[in-house]
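One structure below.
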Amino acid sequence: SVWAAWYIKDVFPYAIGLLIIFPLCLIEDVSKLRIFSLFGVITLLSIIGLLIFECPSYVRYYYNNIYKESDSTTHLNFFDIKKGFGSTLSFFQFSSSLFYSFITTIGAVPIFKKIKNNVLRRMQKVVRRTVLFDIILFSTISVIGYLTWPISTPSLIIERKKIVKSADIPMSIGRIALVLTIIMKLPSNYNSLRLTLFNIF
(Lines give C-alpha, C1' and ligand atoms only; values in the text may rest on other atoms or scores of the structure.)
Protein backbone atom coordinates (compact mmCIF):
# COMPACT_ATOMS: atom_id res chain seq x y z
CA SER A 1 0.00 0.00 0.00
CA VAL A 2 1.17 3.52 -0.77
CA TRP A 3 0.27 4.54 2.81
CA ALA A 4 2.95 2.16 4.14
CA ALA A 5 5.73 3.77 2.05
CA TRP A 6 8.50 5.55 4.00
CA TYR A 7 7.90 8.90 2.31
CA ILE A 8 4.29 8.84 3.48
CA LYS A 9 4.96 7.67 7.05
CA ASP A 10 8.03 9.88 7.62
CA VAL A 11 7.60 12.97 5.47
CA PHE A 12 3.88 13.69 5.85
CA PRO A 13 3.71 13.89 9.68
CA TYR A 14 6.75 16.19 9.90
CA ALA A 15 5.50 18.34 7.04
CA ILE A 16 2.09 18.72 8.71
CA GLY A 17 3.78 19.51 12.03
CA LEU A 18 6.13 22.15 10.62
CA LEU A 19 3.86 23.78 8.04
CA ILE A 20 0.46 23.65 9.78
CA ILE A 21 0.58 22.79 13.49
CA PHE A 22 3.70 24.77 14.51
CA PRO A 23 2.61 28.13 12.99
CA LEU A 24 -0.87 27.74 14.48
CA CYS A 25 0.68 27.12 17.91
CA LEU A 26 2.26 30.59 17.83
CA ILE A 27 -0.91 32.67 17.44
CA GLU A 28 -1.99 34.70 20.44
CA ASP A 29 -5.77 34.86 20.01
CA VAL A 30 -7.27 31.41 20.68
CA SER A 31 -10.75 32.52 19.60
CA LYS A 32 -9.55 32.50 15.97
CA LEU A 33 -9.39 28.71 16.16
CA ARG A 34 -13.06 28.35 17.08
CA ILE A 35 -13.92 27.40 13.48
CA PHE A 36 -11.90 24.19 13.96
CA SER A 37 -13.92 23.31 17.05
CA LEU A 38 -17.12 23.85 15.08
CA PHE A 39 -15.75 21.63 12.30
CA GLY A 40 -14.98 18.94 14.89
CA VAL A 41 -18.51 19.03 16.30
CA ILE A 42 -20.00 18.78 12.80
CA THR A 43 -17.68 15.84 12.05
CA LEU A 44 -18.73 13.96 15.18
CA LEU A 45 -22.43 14.61 14.53
CA SER A 46 -21.97 13.36 10.95
CA ILE A 47 -20.30 10.17 12.20
CA ILE A 48 -23.18 9.63 14.65
CA GLY A 49 -25.67 10.04 11.80
CA LEU A 50 -23.68 7.61 9.64
CA LEU A 51 -23.50 5.02 12.44
CA ILE A 52 -27.26 5.23 13.02
CA PHE A 53 -27.98 5.02 9.27
CA GLU A 54 -25.76 1.96 8.75
CA CYS A 55 -26.75 0.19 11.98
CA PRO A 56 -29.65 -1.89 10.51
CA SER A 57 -27.46 -3.28 7.72
CA TYR A 58 -24.77 -4.27 10.23
CA VAL A 59 -27.36 -6.01 12.43
CA ARG A 60 -28.62 -7.98 9.43
CA TYR A 61 -25.03 -8.88 8.53
CA TYR A 62 -24.47 -10.15 12.08
CA TYR A 63 -27.49 -12.46 12.02
CA ASN A 64 -26.76 -13.72 8.50
CA ASN A 65 -22.99 -14.24 8.73
CA ILE A 66 -21.74 -14.25 12.34
CA TYR A 67 -24.49 -15.59 14.57
CA LYS A 68 -24.43 -19.36 15.16
CA GLU A 69 -26.91 -20.98 17.48
CA SER A 70 -24.44 -23.67 18.56
CA ASP A 71 -21.60 -21.19 19.30
CA SER A 72 -22.26 -19.13 22.44
CA THR A 73 -19.36 -16.76 21.67
CA THR A 74 -21.39 -15.35 18.79
CA HIS A 75 -24.47 -14.70 20.93
CA LEU A 76 -25.34 -11.17 21.96
CA ASN A 77 -25.28 -10.26 25.62
CA PHE A 78 -25.39 -6.49 25.93
CA PHE A 79 -25.17 -6.62 29.72
CA ASP A 80 -22.01 -8.77 29.91
CA ILE A 81 -19.31 -6.29 30.93
CA LYS A 82 -16.75 -8.83 32.15
CA LYS A 83 -14.73 -8.66 28.91
CA GLY A 84 -14.12 -4.95 29.35
CA PHE A 85 -12.46 -5.50 32.73
CA GLY A 86 -10.56 -8.68 31.89
CA SER A 87 -6.82 -9.09 31.50
CA THR A 88 -6.71 -6.58 28.63
CA LEU A 89 -8.71 -3.89 30.50
CA SER A 90 -10.22 -2.92 27.16
CA PHE A 91 -12.86 -0.74 28.85
CA PHE A 92 -10.24 1.94 29.54
CA GLN A 93 -8.86 1.62 26.02
CA PHE A 94 -12.34 2.07 24.58
CA SER A 95 -12.94 5.08 26.83
CA SER A 96 -9.85 6.94 25.63
CA SER A 97 -11.81 9.09 23.18
CA LEU A 98 -14.26 10.08 25.93
CA PHE A 99 -11.41 11.09 28.24
CA TYR A 100 -9.69 12.96 25.41
CA SER A 101 -12.82 14.98 24.72
CA PHE A 102 -12.67 16.71 28.11
CA ILE A 103 -9.48 18.53 27.15
CA THR A 104 -11.67 20.85 25.08
CA THR A 105 -12.72 22.62 28.28
CA ILE A 106 -9.16 23.94 28.63
CA GLY A 107 -9.93 26.55 25.98
CA ALA A 108 -12.59 28.21 28.11
CA VAL A 109 -10.16 29.98 30.46
CA PRO A 110 -8.29 32.18 27.91
CA ILE A 111 -11.55 33.11 26.20
CA PHE A 112 -13.08 34.00 29.57
CA LYS A 113 -11.47 37.46 29.54
CA LYS A 114 -13.00 38.30 26.18
CA ILE A 115 -16.66 37.66 27.02
CA LYS A 116 -18.92 40.35 28.41
CA ASN A 117 -19.87 40.18 32.07
CA ASN A 118 -17.16 37.60 32.73
CA VAL A 119 -18.11 36.54 36.23
CA LEU A 120 -17.24 33.19 37.81
CA ARG A 121 -20.86 31.99 37.67
CA ARG A 122 -20.99 32.37 33.87
CA MET A 123 -17.63 30.65 33.56
CA GLN A 124 -18.86 27.67 35.57
CA LYS A 125 -21.99 27.49 33.43
CA VAL A 126 -19.91 27.40 30.21
CA VAL A 127 -17.67 24.63 31.57
CA ARG A 128 -20.63 22.56 32.80
CA ARG A 129 -22.37 22.81 29.43
CA THR A 130 -19.17 21.90 27.59
CA VAL A 131 -18.55 18.83 29.74
CA LEU A 132 -22.19 17.71 29.46
CA PHE A 133 -22.14 18.16 25.68
CA ASP A 134 -18.94 16.08 25.41
CA ILE A 135 -20.42 13.31 27.57
CA ILE A 136 -23.59 13.14 25.45
CA LEU A 137 -21.72 13.27 22.14
CA PHE A 138 -19.08 10.61 22.86
CA SER A 139 -21.43 8.36 24.84
CA THR A 140 -23.81 8.36 21.87
CA ILE A 141 -20.98 7.34 19.55
CA SER A 142 -19.90 4.54 21.90
CA VAL A 143 -23.43 3.15 22.40
CA ILE A 144 -24.38 3.31 18.72
CA GLY A 145 -20.99 1.84 17.77
CA TYR A 146 -21.43 -1.04 20.21
CA LEU A 147 -24.92 -1.77 18.97
CA THR A 148 -23.63 -1.71 15.39
CA TRP A 149 -20.76 -4.16 15.91
CA PRO A 150 -21.32 -5.95 19.26
CA ILE A 151 -18.97 -8.88 18.57
CA SER A 152 -15.27 -7.87 18.66
CA THR A 153 -16.01 -4.14 18.84
CA PRO A 154 -12.87 -2.21 17.79
CA SER A 155 -11.28 0.41 20.06
CA LEU A 156 -12.37 3.09 17.57
CA ILE A 157 -15.70 2.35 15.97
CA ILE A 158 -14.64 4.13 12.78
CA GLU A 159 -12.14 1.27 12.31
CA ARG A 160 -14.83 -1.40 12.30
CA LYS A 161 -14.85 -4.07 9.62
CA LYS A 162 -16.71 -3.20 6.46
CA ILE A 163 -19.54 -5.50 5.40
CA VAL A 164 -19.39 -4.67 1.71
CA LYS A 165 -16.70 -5.68 -0.77
CA SER A 166 -16.27 -2.14 -2.06
CA ALA A 167 -14.82 0.72 -0.01
CA ASP A 168 -17.01 2.33 2.64
CA ILE A 169 -16.76 5.84 1.16
CA PRO A 170 -18.87 7.68 3.82
CA MET A 171 -16.86 6.19 6.69
CA SER A 172 -13.59 6.90 4.86
CA ILE A 173 -14.62 10.55 4.57
CA GLY A 174 -15.50 10.50 8.28
CA ARG A 175 -12.05 9.10 9.14
CA ILE A 176 -10.29 11.81 7.11
CA ALA A 177 -12.44 14.52 8.71
CA LEU A 178 -11.68 13.14 12.19
CA VAL A 179 -7.94 13.14 11.48
CA LEU A 180 -8.17 16.77 10.31
CA THR A 181 -10.12 17.62 13.46
CA ILE A 182 -7.44 16.12 15.70
CA ILE A 183 -4.66 17.88 13.75
CA MET A 184 -6.40 21.23 14.14
CA LYS A 185 -7.26 20.64 17.80
CA LEU A 186 -3.58 20.30 18.72
CA PRO A 187 -2.82 24.03 18.24
CA SER A 188 -6.07 24.99 19.94
CA ASN A 189 -5.36 22.86 23.01
CA TYR A 190 -1.69 23.86 23.13
CA ASN A 191 -2.43 27.60 22.90
CA SER A 192 -5.19 27.30 25.48
CA LEU A 193 -2.92 25.48 27.92
CA ARG A 194 -0.07 27.95 27.32
CA LEU A 195 -2.27 31.02 27.87
CA THR A 196 -3.92 29.42 30.91
CA LEU A 197 -0.52 28.79 32.51
CA PHE A 198 0.51 32.39 31.76
CA ASN A 199 -2.68 33.65 33.41
CA ILE A 200 -2.04 31.52 36.48
CA PHE A 201 1.56 32.74 36.79
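The values are calculated or read from the model by the stated rules, or taken from the named source; none is laboratory data. In this text, all values refer to a predicted model and were calculated from it rather than measured experimentally. Here the Cβ positions follow ideal geometry from the backbone for every residue, glycine too, while neighbour counts run over all protein chains shown. Please note that ligands, DNA and RNA were not included when accessible areas were found on the heavy atoms of the full protein model with its side chains. Shrake-Rupley method; radii C 1.70, N 1.55, O 1.52, S 1.80 Å.
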FRET efficiency for Ile81 and Leu45, Cβ-Cβ distance as r, R0 = 22 Å, nearest 0.05? 0.20
Of the listed values (i) 49, 37, 32; (ii) 64, 46, 34; (iii) 63, 38, 34, identify the label whose number matches Cα extents along the principal axes in Å calculated from this model. (ii)
Please give, to one decimal in nm, the separation of the simple spin-label points placed at Leu38 and Phe91, each 7 Å out from Cα toward the Cβ. 3.9 nm
What distance in nm separates the two pseudo spin-label positions at Asn64 and Asp29, each 7 Å out from Cα along the beta-carbon direction? 5.5 nm
If you roll a 1.4 Å probe over the chain with all protein chains in place, what percent of the accessible area is carbon or sulfur? 69 percent
Could you go through the stretch 157-166 in sequence order and give the Karplus-derived ³J(HN,Hα) for each residue, using 6.51 cos²θ - 1.76 cosθ + 1.60 with θ = phi - 60°, rounded to whole Hz, and x for Gly and Pro? 5, 6, 9, 5, 5, 8, 9, 10, 6, 7
Given a 10 angstrom Cα cut-off, can you work out which residue in Thr73, Thr153, Thr130 is the most mobile in a GNM of the chain? Thr73
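Trypsin sites (Lys or Arg not before Pro) within the stretch 36-86: which are DSSP loop residues with at most 11 other Cβ atoms inside 10 Å? Mind dumping the intermediate values first?
Values: sites: Arg60, Lys68, Lys82, Lys83; in loops: Lys68, Lys82.
In loop regions of the stretch 36-86 (DSSP not H, G, I, E or B), the sparsely surrounded trypsin sites (Lys or Arg not before Pro) are Lys68, Lys82.
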From the phi angles alone, apply the Karplus equation (6.51, -1.76, 1.60; θ = phi - 60°) to the stretch 189-199 and give each ³J(HN,Hα) in whole Hz, x where the residue is Gly or Pro. 5, 5, 4, 5, 5, 4, 5, 5, 4, 4, 4
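Net charge around Met184, counting only other residues with Cβ within less than 12 Å of its Cβ (Lys, Arg = +1; Asp, Glu = -1)?
Values: positive: Lys32, Arg34, Lys185; negative: none.
Local charge sum for Met184: +3.
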Between the modelled labels at Leu197 and Arg175 (7 Å from Cα along Cα→Cβ) the distance in nm is 3.5 nm
Step through the residues of the stretch 48-64 one at a time and calculate ³J(HN,Hα) from phi using the Karplus curve (6.51 cos²θ - 1.76 cosθ + 1.60, θ = phi - 60°), rounding each to whole Hz and writing x for Gly and Pro. 4, x, 5, 4, 5, 5, 8, 4, x, 5, 5, 5, 4, 4, 4, 5, 8
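Suppose all protein chains stay in the model; what accessible area per residue would a 1.4 Å probe give for the chain, in Å²?
Details: 13890 Å² over 201 residues.
Normalised by residue count, the accessible surface of the chain is 69 Å².
In percent, how large is the relative contact order of the chain, given Cα pairs closer than 8 Å and 6 or more residues apart? Don't jump to the answer; show the numbers that get you there.
On the way: 130 pairs, mean separation 79.2, N = 201.
Relative contact order, the chain: 39 percent.
Give, as a single signed number, the net charge of other residues whose beta carbon lies under 15 Å from the beta carbon of Leu24, with Lys and Arg counted +1 and Asp and Glu -1. Please report the intermediate quantities before stating the final value.
Values: positive: Lys32, Arg34, Lys185, Arg194; negative: Glu28, Asp29.
Neighbourhood net charge equals +2.
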